[in-house]
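K.L.:
Submitted below is the structure of interest, expressed as structure tokens.
The values are calculated or read from the model by the stated rules, or taken from the named source; none is laboratory data. Computed from a predicted model, the values in this text were never measured in an experiment. Because the Cβ atoms are built from the backbone with ideal geometry, glycine has one as well, and the counts that use them run over all protein chains shown. Just the protein is used for accessible areas: all its heavy atoms, side chains included, with ligands, DNA and RNA removed. Shrake-Rupley method; radii C 1.70, N 1.55, O 1.52, S 1.80 Å.
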Amino acid sequence: MEDSEMVDGERKLIERKKALYRFLDERFVIRGERYKGQQYSQIYFTRLHHMRNLLRPLVPDWKPHLPVQTVLGLEEGKECIVIGTIYKHMKLKPSILDEYSKERSAVPLVKPHNFMHPDDHLILEDESGRVKLAGNCLVPSTFVTGVVLAVHGKETSDGDFLVLDVLEAGLPLQKAISLGLREDKYVVFISGLSVGSSLFNPLQFQLFVDHITGHLGDENEQNIASQIVHLVIVGNSVEISQGLLGGQTLTSKDQSLLSEPIKELDILLTQLAAALPLDIMPGPNDPANFSLPQQPLNRCLFPGASVYNTFMSCTNPHQFELDDIQFIGTSGQNIHDLDKYSEATEKVEFLERTLRWRHLAPTAPNTLDKEPFLLESCPHVYFTGNQDRFETRVIEGPQKQFTRLICIPRFCETGTAVMLNLKNFECRALSFSTDL
């Protein structure tokens, strides 16, 4: 693909760099699977079985002198290790039963975005039973239901399990890559376009399109634009009025309101797909299934962009490789859920926790016959979209793992996209403003 710039009044073509792309969404694709159970317990036990097989081999190096017990096998005062699933008992967690409770007014008011309370406590359960966890080693505000841990401790006279130490699965093994001979190549992430909402600024997004397609800026900026090898659009690309989605018969005017944001998005995506490879992921506001893993947006929605073989409609979560560098990311639902049921000083901390727990979405029991959210290898880049602001950090593991974590802000609110250099994993914000 080629971009262009004006030189002495004539248009000069600039060759765009390329990267070898591998599409790895297969494990997130639903092919007629259906959950046949009545509750989520079997899903949690399947997760526990898988995670126990990861944690058990780590125990001899961690606490070689201690036996591994089940909850049912605990003895008062005897130290041991138990591997189980965390259940977080939350006083303020919303319940459908609250809708019918006469004592609703007795529930204290709480911030709408977070359900933490000082009385929250953790329970550990396995196939044999459950036990309340005590002690200061496990801070309830850090954990959420669904995380699998190994805990060292002993049963107390009260029947609780006093935790003395904790073992997480930690970062999985990582595919080794060589950075020495790489050249500058960039991946751009953008999220939360919300085409059709009152916040969407068409001029602002057109500036973004013109910039990364090489139609704006001086020779240096156009040279950098030619080094952009991939674009990832990370969820919430359109916003459709909820009043139009009630299942009622729509007037022709309402049908136009329903389809207009998608048509406008297709026009913009067509410009991008004509210039460079792009992936589009669904988000909670997009016309896709609501629960994770979300399936790809139907290509019929994008008659213009889907003509190009550079246009890829992907799942959420989305996994891929560029020049052997492994990426995985979500449109933000898993991180927003952790923000409701736990606490962190920065959203990027939630990304790090899910990596160390080896599970993309511990709070989201899926209704499939498989468990697609377990992390079997450590990505080099882990991103999430639709966040309040741009955040990034690098974490390293004991076996030379290296992961760049990226929180991508909502473009419609911030005018900010994110640019990552594949050569050295340097990451920076790209900001666009139409203010005079």
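K.L.:
Roughly what angle does helix 41-55 make with the longest principal axis of the chain, taking Cα atoms, 0 to 90 degrees, to the nearest 10?
P.N.:
90
K.L.:
Would you pull out the residues with amide H under 5 Å of Ala134's amide H, same chain only if 5 or more places away, H placed 1.01 Å from N?
P.N.:
Long-range HN contacts for Ala134: Phe161, Leu162, Val163.
K.L.:
Report the one residue of Tyr87, His359, Val29 whose Cα lies farthest in the direction of the positive end of the charge dipole of the chain (charges on C-beta: Lys and Arg +1, Asp and Glu -1; origin at the Cα centre).
P.N.:
Toward the positive end, the furthest listed residue is Tyr87.
K.L.:
Once the dipole of the chain is set up with Lys and Arg at +1 and Asp and Glu at -1 on Cβ about the Cα centre, which of Asn298, Ser194, Tyr44 lies farthest towards its positive end?
P.N.:
Tyr44
K.L.:
Mind giving me the FRET efficiency for Gln399 and Asp218? R0 is 45 Å, r the Cβ-Cβ distance, nearest 0.05 is fine.
P.N.:
Working: r = 44 Å, r/R0 = 0.98.
Between Gln399 and Asp218 the formula returns 0.55.
K.L.:
Just to confirm my numbers, what's the Cα centroid distance between segment 145-190 and segment 280-337 in Å?
P.N.:
25
K.L.:
Within segment 276-317, what residues put their amide N at less than 18 Å from the label point 7 Å along the Cα-to-Cβ vector of Ser259?
P.N.:
Backbone N within reach: 287-288, 298-307.
K.L.:
Sticking with this structure for a sec: Ordered by packing density, taken as the mean number of other Cβ atoms within 10 Å over each peptide's residues, highest first, how do 23-32, 196-205, 183-192, 326-335 rank? Provide the component values of the computation, followed by the final result.
P.N.:
Values: 23-32: 13.4, 196-205: 15.4, 183-192: 22.4, 326-335: 24.9.
Put in order of decreasing packing, that is 326-335, 183-192, 196-205, 23-32.
K.L.:
So what is the relative contact order for the chain, in percent, with contacts set as C-alpha pairs under 8 Å and at least six apart?
P.N.:
Once divided by the residue count of the chain, the mean separation gives 20 percent.
K.L.:
Give a residue-ordered list of calculated ³J(HN,Hα) values for segment 339-354 (Karplus: 6.51 cos²θ - 1.76 cosθ + 1.60, θ = phi - 60°; whole Hz; x for Gly, Pro).
P.N.:
3J(HN,Hα) across segment 339-354, in whole Hz: 5, 6, 10, 8, 10, 7, 6, 9, 5, 5, 5, 5, 4, 5, 4, 5.
K.L.:
While we're here: Whole-Hz ³J(HN,Hα) for each residue in segment 133-141, computed from phi via Karplus 6.51 cos²θ - 1.76 cosθ + 1.60 with θ = phi - 60°, x for glycine and proline: what do you get?
P.N.:
8, 10, x, 9, 6, 10, 8, x, 5
K.L.:
How high is the relative contact order of segment 277-427, in percent, with contacts defined as C-alpha pairs under 8 Å that are six or more residues apart? Present the calculation step by step, with values, prior to reporting the outcome.
P.N.:
Numbers: 243 pairs, mean separation 26.2, N = 151.
Once divided by the residue count of segment 277-427, the mean separation gives 17 percent.
K.L.:
Restricting attention to segment 270-317, which chymotrypsin sites (Phe, Trp or Tyr not before Pro) occupy a DSSP loop and are surrounded by at most 15 other Cβ atoms within 10 Å?
P.N.:
Details: sites: Phe290, Tyr308, Phe311; in loops: Phe290, Tyr308.
Within segment 270-317, the qualifying chymotrypsin sites (Phe, Trp or Tyr not before Pro) (loop, at most 15 other Cβ atoms within 10 Å) are Phe290.
K.L.:
How high is the relative contact order of segment 254-306? Use alpha-carbon pairs under 8 Å, at least six apart in sequence, and give a whole percent.
P.N.:
Numbers: 38 pairs, mean separation 23.1, N = 53.
Across segment 254-306, relative contact order equals 44 percent.
K.L.:
Continuing with the same structure: Give the accessible surface of the chain per residue, rounded to a whole number of Å², with probe radius 1.4 Å and ligands, DNA and RNA excluded.
P.N.:
Numbers: 21000 Å² over 436 residues.
About 48 Å² of surface per residue is accessible.
K.L.:
To the nearest 20 debye, what charge dipole does the chain have about its Cα centre, counting +1 at the Cβ of each Lys and Arg and -1 at the Cβ of each Asp and Glu? It would help to have the intermediate numbers written out before the result.
P.N.:
Working: 43 positive and 57 negative charges, 192 e Å.
Result for the chain is approximately 920 debye, rounded to the nearest 20.
K.L.:
Same structure again: State, to one decimal in nm, how far the label point of Val307 lies from the label point of His49, with both points 7 Å from Cα in the Cβ direction.
P.N.:
Using points 7 Å along Cα→Cβ, the separation is 5.1 nm.
K.L.:
Between Tyr21 and Cys300, what is the label-point separation in nm under the 7 Å Cα-to-beta-carbon projection?
P.N.:
Each label point is offset 7 Å from its Cα along the Cβ direction, giving 2.4 nm.
K.L.:
Let me ask something else. Return the long-range amide H neighbours of Leu430 (sequence gap of 5 or more, or a different chain), with a cut-off of under 5 Å between placed amide H atoms.
P.N.:
Answer set, sorted by chain and number: Ala417, Val418, Met419.
K.L.:
Also, I was wondering about something else. Here are some values of percent of Cα pairs over 35 Å apart: (i) 27; (ii) 37; (iii) 43. Which one was computed from this structure?
P.N.:
(ii)
K.L.:
Oh, and also: Over 23 Å between C-alpha atoms is what I'm after, so list which of Lys340/Lys400; Lys18/Lys347; Lys88/Lys340 land there. Let's see the in-between values first.
P.N.:
Working: Lys340/Lys400 32 Å; Lys18/Lys347 32 Å; Lys88/Lys340 13 Å.
Over 23 Å Cα-Cα: Lys340/Lys400; Lys18/Lys347.
K.L.:
Counting only helical runs of four or more DSSP H residues, what would the 222 nm mean residue ellipticity of the chain come to if each run contributes -39,500 (n - 2.57) and the total is spread over all its residues?
P.N.:
-5500 deg cm²/dmol
K.L.:
Hey, rough spin-label estimate for Arg31 and Trp62, points 7 angstrom out along Cα→Cβ, what's it come to in nanometres?
P.N.:
Between Arg31 and Trp62, the label points sit 3.5 nm apart.
K.L.:
What ³J(HN,Hα) values, in whole Hz, does the Karplus curve 6.51 cos²θ - 1.76 cosθ + 1.60 give for segment 200-216 when θ = phi - 60°, with x put for Gly and Pro?
P.N.:
In residue order, the calculated couplings are 5, 10, x, 5, 4, 6, 5, 4, 4, 4, 5, 5, 7, 8, x, 9, 10 Hz.
K.L.:
Once amide H atoms are placed 1.01 Å from N in the peptide plane, what residues at a sequence separation of 5 or more from Ser128, or on another chain, have their amide H within under 5 Å of its amide H?
P.N.:
Residues meeting the criterion, in which the H sits 1.01 Å from N, are Val71, Leu72.
K.L.:
How high is the FRET efficiency between Ser157 and Ser291 when r is their beta carbon distance and R₀ equals 30 Å, given to the nearest 0.05? Display every interim value, and only then the final one.
P.N.:
Details: r = 43 Å, r/R0 = 1.44.
Calculated value: 0.10.
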